[in-house]
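Report on one structure; see the data block that follows.
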């Protein structure tokens, strides 16, 4: 990276960009605007994120969403903010929707049929609602008879669940599966003990 | 004012407020939100304004409007913002534009109506585009009902083609012009006869 | 048993099964199929007033359970490796998977609460940025346009305008209506076709004295093509149009 002075100014520019756009801005776009390569830009963004988070005088921070960045308020400002700001309308996600959403999140890209197979029930309504809430979207078509729609999660999903990227989702791993199994065994054991 | 720690946090809250609101926020509202009196709030706001302005890593600053405050980008960031917010445009002279430009160049000063008569089609769009491209401009008004605008080529146009003045344009010879004129008269005559 | 009240809670047969397994504190890998199936059927019976769509999903699972129950009574099947196959394996797999996603849904629910506490802002472009108009790059715009090219274009435009006037007839000062009827022209084309057998459309048009004749000839050809007297071929776009007489 260039000299300190230079970087400071560039970070100022990035701040201005993220502030102005409001919405998430792709790394590529930011890099282009400040006329630096993406790697350097990313480093600066992460430096800024750390700086914002560490600084108590800052009420805003930056979040990373896949390969985009967006400015937002810090979580602890929430109580104060709802006194002045209109709270964006949030949709209440029922358990059914959450269940369906978790399947889409972990198995994406996924067809409605696959979702239904896992849940054991028709899922049109749930999928449609998630699409309506902009948490799930069509990401393509499966190369199979009828070319069924493949669903995936949206950037709004990442934002809403405070997830930076899909990899960051709480993982389902083999251990977990075994844990479930162990749990079940314990329960069975318990039953015998009783 | 209270202790340093407290103030830092409050300034963070103010930052969050100004950020989310985007628009200007009344001092009263800010004071209410952070649960402090207006005087203290104002002091903090001014402290923040100084801090933002002095800090090179900040691309945003705060402005005071009457009794309101608003967050905005610093002026030096504009150029950079334009690169993110505006898609670079492609300028091309289509056949239609070339045709229209040639008519304006050789028949100037000319009204839109005359151009349309020659081309046989509506030419608003073409003329407007040429004006936007600064190849053609309004050079006066015709002394006729409705006082239609007369268009001519711009100085930039002449400069580009290395033409000193309009007389230098490769002319269509006088004979040809007379021929056209005669034709037009004939046509007019014909209409009367019918 | 007061089951019906609780029925609404279950999202589907898997949900119900998991509930039964939990309630009975059963090892998911060793489901006592007979007992569970009986309990499951009890729920189903209490559900009779449910709508058919929902019902069918529960019934499908009931059928699966009964199928497994039957297989459990029969001698165990052995797979290629000589291992005994558990008829419950597939169901267990499905239940485990479902249970996992249910668990992940709870995880997501927690995260949602977190995400909700962040507020964003809409775009606020400064006026100067909004109003900015990219300067026209004259070099790009004009490219290789030269003055003589522009002149050529202009002359082309003027010539086209000129073409719109029939220069000969406009000098007459009066338009005499020429009478060429379609039947007349069709007779003419038919004769022409008989003597030429195969000819190009252009060739035929060259014989025509005026625009009106050209137009009526064109119409005649169209009509005769429709009635099958002529056959028309064109190999490629803008290529020569070949006319063949189909009259023997």
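The values are calculated or read from the model by the stated rules, or taken from the named source; none is laboratory data. Since the model is a prediction, treat every value here as computed from it, not as a measurement. Cβ sites come from the backbone with ideal geometry, for glycine too, and all protein chains shown count toward neighbours.
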Worksheet item: Name the helices (runs of 4 or more DSSP H) wholly within region A:117-194 that hold at least 2 residues that are at pLDDT below 90 and surrounded by 12 or more Cβ atoms within 10 Å (Cβ to Cβ)?
Response: A:155-160, A:174-193
Discussion item. Restricting to region B:64-92, give me the number of residues that are without any contact (Cβ under 8 Å) to a residue 12 or more places away in the chain and farther than 16 Å from residue A:22 by Cα.
Written reply: 9
Worksheet entry | Failed item in (1) without any contact (Cβ under 8 Å) to a residue 40 or more places away in the chain; (2) more than 7 Å from chain A (Cβ to nearest Cβ); (3) more than 27 Å from residue B:13 (Cα to Cα), with residue C:88 passing the rest | (1)
Item to complete: Mind counting the residues in region C:99-145 that are facing another protein chain (nearest Cβ under 7 Å) and either in contact (Cβ under 8 Å) with a residue 40 or more places away in the chain or on the phi > 0 side of the Ramachandran plot (or both)?
Response: 2
Fill in: Which listed residue is over 26 Å from residue B:116 (Cα atoms), modelled with pLDDT of 85 or more and surrounded by fewer than 12 Cβ atoms within 10 Å (Cβ to Cβ), from C:135, C:183
C:183
Discussion item. Going residue by residue through region C:100-112, is there one that turns out to be in the same structural domain as residue C:12 (by TED's automatic domain parsing), closer than 30 Å to residue B:71 by Cβ and either in contact with a helix residue (DSSP H, G or I) (Cβ under 7 Å, 6 or more places away or on another chain) or at pLDDT 85 or above (or both)?
Written reply: yes
Worksheet entry | Leading residue by the ranking (surrounded by the most Cβ atoms within 10 Å (Cβ to Cβ)) among those in region C:146-156 that are facing another protein chain (nearest Cβ under 7 Å) and out of contact with any helix residue (DSSP H, G or I) (no Cβ under 6 Å at 6 or more places or on another chain) | C:151
Fill in: Condition check for residue B:28: touching a helix residue (DSSP H, G or I) at 6+ places or on another chain (Cβ under 7 Å) and modelled with pLDDT of 90 or more
yes
Practice prompt. Return yes when residue C:46 is in contact with a helix residue (DSSP H, G or I) (Cβ under 7 Å, 6 or more places away or on another chain), more than 7 Å from every other protein chain (Cβ to nearest Cβ), modelled with pLDDT under 85 and surrounded by 14 or more Cβ atoms within 10 Å (Cβ to Cβ) and no when it is not.
Written response: yes
Worksheet, complete the sentence: Restricted to region C:26-43 and to residues being under 27 Å from residue A:97 (Cα atoms) and modelled with pLDDT under 85, the residue farthest from the other protein chains (Cβ to nearest Cβ) is C:43
Item to complete: For region C:110-128, state whether one or more residues are within 30 Å of residue B:118 (Cβ to Cβ) and buried (at least 16 other Cβ atoms within 10 Å of the Cβ).
Response: no
